[in-house]
Amino acid sequence: MFRIAARSGASHARRALGRRAFGSKAQPPSTARNIVWAAGTLTLGGLGYLYVTDASAGVHKYVTTPLMRLLDAETAHDLAVFSLKHGLHPVDRKDDDALLEVTLWGKRVSNPIGLAAGFDKNAEAVDALFDLGFGSVEVGSVTPSAQAGNPKPRLFRVDETGTTINRMGLNNDGVDVCGDRLRSRFWRLVAAQSQQKGETVAALA
């Protein structure tokens, strides 16, 4: 009899707890807590963006480059140019030290490190390459008419020496197309500079 009564009491207690649990209303989230979470998320996201888009960040040496090396050499090159062309690249945010400044063909250059022809063959990513920190950028090589170059595969890595063998055969879009891209870039720069000075492009032309 005592055992039955004890069991009935336990069942009654469980039913009461169940009613209390299911009958209670969920507390609305705290406004202050939401603000803290949102501010923290935005702060971490902003810091992460600044880190990933910094050209000197270690992630590019220890993560991005090894991942690119999983691709064949020409695919990795094409992907790099595509990323630069569409703004998916890090930026060198530090100004060059004045001691690095040199004069080249009568023009002042912020540092003596330049990119030779062969990377941006078709003048597609000139500004992005300057954003990486190069003092000068050479495009091409460009031929009078567009040509496809040699059959693939034609770009090979030599891991033992850390070098690349280039047998691409001057594949490029031709002088007319590349020239149009450079002219378009020139007038964008003129327009940007004229806006800073309160002038118009028509007045400078």
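Within region 164-174, the set of residues being out of contact with any Gly (no Cβ under 8 Å at 6 or more places or on another chain) and either at pLDDT 95 or above or open to solvent by 70 Å² or more (accessible area, probe 1.4 Å) (or both) comprises T164, R167, D173, G174.
Cβ-Cβ under 7 Å, sequence separation 6+ or interchain: first residue in region 67-81 and touching a residue at least 24 places away in the same chain (Cβ under 8 Å), partner of a type in the set (S, T, Y) and surrounded by fewer than 14 Cβ atoms within 10 Å (Cβ to Cβ). Which pairs? Close Cβ pairs (under 7 Å, with a partner that is of a type in the set (S, T, Y) and surrounded by fewer than 14 Cβ atoms within 10 Å (Cβ to Cβ)) amount to A73/T164. Of the helices (runs of 4 or more DSSP H) lying entirely inside region 9-112, those containing at least 2 residues that are surrounded by fewer than 10 Cβ atoms within 10 Å (Cβ to Cβ) and modelled with pLDDT under 85 span 31-52. Of the helices (runs of 4 or more DSSP H) contained entirely in region 123-205, those carrying at least 1 residues that are touching a helix residue (DSSP H, G or I) at 6+ places or on another chain (Cβ under 6 Å) and without any contact (Cβ under 8 Å) to a residue 24 or more places away in the chain fall at 175-197, 201-204. Annotation: of all residues in region 76-122 being touching a helix residue (DSSP H, G or I) at 6+ places or on another chain (Cβ under 9 Å) and among the polar types (S, T, N, Q), the one that is farthest from I165 (Cα to Cα) is S110.
The values are calculated or read from the model by the stated rules, or taken from the named source; none is laboratory data. Since the structure is predicted, the reported quantities are computational estimates derived from the model, not experimental observations. Here the Cβ is made from the backbone with ideal geometry for all residues, glycine too, and neighbour counts use every protein chain on show. Heavy atoms of the whole protein, side chains included, go into the accessibility calculation; ligands, DNA and RNA do not. Shrake-Rupley method; radii C 1.70, N 1.55, O 1.52, S 1.80 Å.
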